[in-house]
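Report on the structure given below.
The values are calculated or read from the model by the stated rules, or taken from the named source; none is laboratory data. Note that the coordinates shown come from a computational prediction; the quantities given were computed from them, not determined experimentally. Methodologically, a virtual Cβ is constructed for each residue, glycine included, from the backbone with ideal geometry; neighbour enumeration extends over all protein chains shown.
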Amino acid sequence: MITITGKPVCSGVAFGPVFVFSREESTIKRHHIESSDDEIARFESARQQTISELAMLYDKALAEVGEANAMIFQIHQMMLDDLDYIESIKNIITDQLINAETAVAQTCDNFVQMFRAMDDPYMRER
């Protein structure tokens, strides 16, 4: 018998097939772009589409598992609406003339490092 431990994301007990998530590093291919305006427009389009999809996921989760568990989707939406986050991505695209995916990954890495450097343990965990 295999025993797997982890952190619960919901209270209660569940029965069913198990999906074991294996975190493999995905590689984002960095490439040079010709037009930062076009790339920023592509980023904005993807950002808006993602916000819409997260809103639908929130509504579905709200109905199925309640507000406390559905909040994760609103938190992700808030990140996508954060002006510092958006501005950082756009600046990287403009300054380095690189694709949006790489700019998003760099911005996420920068934010992770910023939070890890905080003195407050609560904020460090975020």
(request) Scan the stretch 108-126 residue by residue and report those that are within 12 Å of the chain's Cα centre (by Cα) and either modelled with pLDDT of 95 or more or of a type in the set (A, V, I, L, M) (or both). (result) V112
(message) Can you say whether R42 is under 12 Å from the mean Cα position of the chain (by Cα), surrounded by 12 or more Cβ atoms within 10 Å (Cβ to Cβ) and either over 18 Å from C108 (Cα atoms) or of a type in the set (D, E, K, R) (or both), as far as the supplied structure shows?
(response) no
(message) Looking at the stretch 70-77, can you tell me whether even one residue there is farther than 22 Å from F111 by Cα and of a type in the set (G, A, S)?
(response) yes
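Identify all residues within the stretch 44-56 that are touching a Phe, Trp or Tyr at 6+ places or on another chain (Cβ under 7 Å) and either at pLDDT below 95 or among the hydroxyl-bearing types (S, T, Y) (or both); write none if there are none.
Listed by number, the list is empty, since nothing qualifies.
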(message) Quick check on my filter: what residues within the stretch 94-117 are free of Cβ contacts under 8 Å to residues at least 60 places away in the same chain and either surrounded by 16 or more Cβ atoms within 10 Å (Cβ to Cβ) or β-branched (V, I, T) (or both)?
(response) T94, Q106, T107, F111, V112
(request) Go through the residues of the stretch 60-76 one by one and say whether even a single one is modelled with pLDDT under 95, within 30 Å of S11 (Cα to Cα) and not in a helix (DSSP H, G or I). (result) yes
